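Asks: My questions all concern the structure below.
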Amino acid sequence: MTARDTTTGATAGATAGATIGRATAGAGAVRSVDGRARPGAGGGFRGAFAAEWIKLWSVRSTWWNLAGAVAMMGVFCVILATDTATDNTSGQPGVEPPGAVAVSDIPVGAIDLVQFVVLALAILAVTGEYATGSVRTTLQCVPLRGRMLAAKASVVAAVTLPAGVVLVLAGAAISAPVLGEWGRLEAGGLVRDALAAGAYLALTSLLMTGVAAVLRSAAATLTTAFLFLMVVPMSLANARSDLLKSVGDALPATAGAPSTRPAS
């Protein structure tokens with residue numbers, strides 16, 4: 001981590017402290033007999049949410065993560081759409097043409113990999129403060145850890161849900177011209193898939209937010225996410241034991257597949 005990143009994190013923490021401080025001294029504050037606001041007594045969830053919202057958008061990693069997610073979605077959609085169109089026109093023996101597919105199937109299929117960029121945003125919302133030490137300022141302003149984590153989780157969900165919707169819509173816009181005649185554009189199905197992908201990313205991000213609060217390390221949490229959402233489900237899906245397959249079906253990546261992937 002560079003000195004510039006450390007300075008950015010510290011600045012974000014100071015901004016959050018000032019924001020929550022103003023909220024504490026405002027309408028929701030509990031005041032003593034002399035009329036002064038008692039430190040840490042006010043602001044409530046609304047002030048904590050406002051501070052976490054400002055912190056999230058005041059660091060460059062948020063913007064880079066969102067831009068990276070859009071870029072990755074575009075790249076994977078071009079690859080998947082090109083493969084689909086090629087399989088339909090190649091006529092190679094042993095290759096079964098998939099036929100016309102729903103345009104939304106392409107970005108939904110890309111979510112499996114793009115989700116890790118979005119999850120990095122959720123993870124850094126928690127671990128970034130522990131890396132820079134600005135979590136001390138946050139806990140001084142919001143001493144109730146439950147309220148602090150609830151505010152962080154709410155902000156993460158408020159960002160990742162619409163991000164998932166936008167990613168699928170953008171991916172569909174990129175995939176449609178590449179698929180050409182092999183793509184079916186269904187407005188109802190596209191809206192359903194976009195909302196389902198947004199809900200899936202929001203719920204998965206909330207899960208990783210909790211894991212990040214326990215591990216307090218971006219690398220450890222991202223590794224856990226990769227193992228839990230990709231490696232373990234793939235391993236259990238190929239297991240010979242029905243019990244292990246049932247466990248794999250209950251994991252988030254597998255359980256969320258029916259809601260994000262329409263039946264072909």
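What follows is calculated from the coordinates using simple rules that are stated; it is not laboratory data. All of these numbers come straight from a predicted model, not from anything done at the bench. Here the Cβ is made from the backbone with ideal geometry for all residues, glycine too, and neighbour counts use every protein chain on show.
Asks: Taking amide hydrogens as modeled 1.01 Å from N in the peptide plane, which residues meet the under 5 Å criterion relative to Gly183, leaving out close sequence neighbours?
Replies: The answer is Val101.
Asks: What percent of all Cα-Cα pairs in region 137-220 falls in each 5 Å bin, counting up from 0?
Replies: 3, 13, 17, 17, 14, 11, 9, 7, 5, 3, 2, 0
Asks: Something else: When a/c reaches 1.5 or more, the comparison of a/b and b/c decides; with that in mind, is region 107-264 rounded, prolate or oblate per its Cα gyration tensor?
Replies: oblate
Asks: Please give the net charge around Ala213, taking every other residue with its beta carbon less than 9 angstrom from that of Ala213, where Lys and Arg add +1 and Asp and Glu add -1.
Replies: The answer is +3.
Asks: Follow-up question, since we're still on this one. Pull out the extension gain between Phe45 and Arg60, defined as 0.36 nm times the separation in residues minus the alpha carbon to alpha carbon distance; nm, one decimal.
Replies: Computed gain between Phe45 and Arg60 is 2.9 nm.
Asks: Please give the charge dipole size of region 111-264, origin at the Cα centre, charges +1 on K and R Cβ atoms and -1 on D and E Cβ atoms. Round to the nearest 20 debye.
Replies: 500
Asks: Treating only the Cβ atoms of Lys and Arg (+1) and Asp and Glu (-1) as charged, compute the dipole magnitude of region 102-181 about its Cα centre; round to the nearest 20 debye.
Replies: Computed charge dipole of region 102-181: roughly 620 debye.
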